[in-house]
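I have placed the structure first, in the form of C-alpha cells, so that the comments after it can refer back to it.
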Amino acid sequence: MVVRILVAYATRNGSTGEIAHAAGRELSAAGHAVDVAELKTISTLAGYNAVVMGGPLYMGSIDDAVGKYKDQLAHLPVAAFGVGLAPVSKDAKQMVESMKALHASVAPLQPVAETLFAGKLDPSRLSFVQRKMTEFVKSPVGDFRDWNAIAAWAKELPGKMKL
Ligand SMILES: Cc1cc2nc3c(=O)[nH]c(=O)nc-3n(C[C@H](O)[C@H](O)[C@H](O)COP(=O)(O)O)c2cc1C
C-alpha cells in the first residue's frame with residue numbers, strides 16, 4: 001500500500017515553507033507519496049496516513065499549522081516542527097519557552113516527534129514595525145536553517161510513525 005503523507009505548514013515570510021518542502025523531499029525519497037502544502041490551501045485531510053506540521057514562532061507563539069483539523073488528526077500519527085530564532089540564540093530559557101509554545105500549538109495531539117529548527121530573518125522582507133521589533137530584541141540576522149538537521153529529522157519520521 002502506498003503511504004500518503006501530508007506536510008502542512010504555516011508561514012509569514014516563506015522560510016517555514018522551504019523547510020516543509022525539504023522535509024517532504026526526504027519523505028518522498030523514502031518511497032512515500034507526499035504532498036507539501038500551506039495550511040490555508042488545504043481543504044481536507046482525507047486519504048492521508050500521516051501528517052507533519054510546521055509553523056513559525058512569532059512573539060513567543062507558533063502560528064498554528066493544523067488548527068481546525070485537530071479532530072481528524074487525533075487518529076493519525078503526527079509530527080510537528082517549529083521554526084524560529086530561539087535555536088540560534090542557544091539560550092536554554094528561550095528554547096524551553098519555545099518548546100512549550102510548540103506543545104501548546106499541537107495540544108491535545110501527541111506527536112511522535114517534535115522539534116525546533118533555526119529559521120531565517122531577512123530584515124528587507126519585514127514590515128517597518130516587524131523590523132523595529134526584531135531590532136529592539138536584537139534578533140540575529142541571516143539564514144540559519146540547517147538543511148542536514150532537517151533532512152535527518154525527516155528521515156526518522158516514517159519509523160517513528162510506524163508507516
Ligand atoms: C516580528 C517577529 C517576531 C518574531 N518572534 C520570534 C519569537 O518569539 N521566537 C523565535 O524563536 N523567533 C521569532 N522570530 C523569528 C521567526 O520565527 C523566523 O524569522 C522564522 O524563520 C520565520 O518563519 P517564516 O519565514 O516561515 O514566517 C520573529 C520574527 C519576527 C519578524
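The values are calculated or read from the model by the stated rules, or taken from the named source; none is laboratory data. As the structure is a prediction and not an experimental result, all values here were calculated from the model. Heads up, the Cβs are rebuilt from the backbone with ideal geometry, glycines too, and the neighbour counts pull from every protein chain shown. Ligands, DNA and RNA are stripped out before the accessible areas are found, and what is left, the full protein with its side chains, is counted by its heavy atoms. Shrake-Rupley method; radii C 1.70, N 1.55, O 1.52, S 1.80 Å.
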Item to check | Inter-probe distance in nm under a simple model that places probes 7 Å from Cα toward Cβ, at Lys162 and Asn49 | outcome: 1.3 nm
Next on the checklist: With both bridge residues required to lie in the chain, what share of the DSSP beta bridges run antiparallel, to the nearest 5%?
Outcome noted: 15 percent
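So what's the chain giving for Cα Rg divided by 2.2 N^0.38 Å, two decimals?
Numbers: Rg = 15.4 Å, N = 163, 2.2 N^0.38 = 15.2 Å.
The chain yields a ratio of 1.01.
In Å², and per residue, what accessible area does the range 1-93 have when probed at 1.4 Å with the other protein chains present?
Values: 4230 Å² over 93 residues.
Accessible surface, normalised per residue, equals 45 Å².
Ranked by accessible surface with a 1.4 Å probe, highest first, in what order do His21, His32 come?
Numbers: His21 80, His32 35 Å².
Descending order: His21, His32.
Given the rule -39500 (n - 2.57) for each run of at least 4 DSSP H residues, summed and divided by the residues of the chain, what is its mean residue ellipticity at 222 nm, to the nearest 500 deg cm²/dmol?
Numbers: 6 runs with 61 residues, N = 163.
Value at 222 nm, helices only, nearest 500: -11000 deg cm²/dmol.
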Checklist entry - For Asn148 and Ser28 in one chain, what is 0.36 nm times their gap in residues minus the Cα-Cα distance, to one decimal in nm? => result 41.6 nm
Item to check | Carbon + sulfur, % of accessible area of the range 1-115 - ligands and nucleic acids excluded, 1.4 Å | outcome: 53 percent
Checklist entry - Over the chain, what is the relative contact order in whole percent, taking alpha-carbon pairs under 8 Å and six or more residues apart? => result 24 percent
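Exceeding 21 Å between C-alpha atoms, which entries from my cross-link table qualify? They are Lys70/Lys100; Lys93/Lys138; Lys40/Lys100; Lys40/Lys68.
The pairs that break the limit, which is 21 Å between Cα atoms, are Lys40/Lys100.
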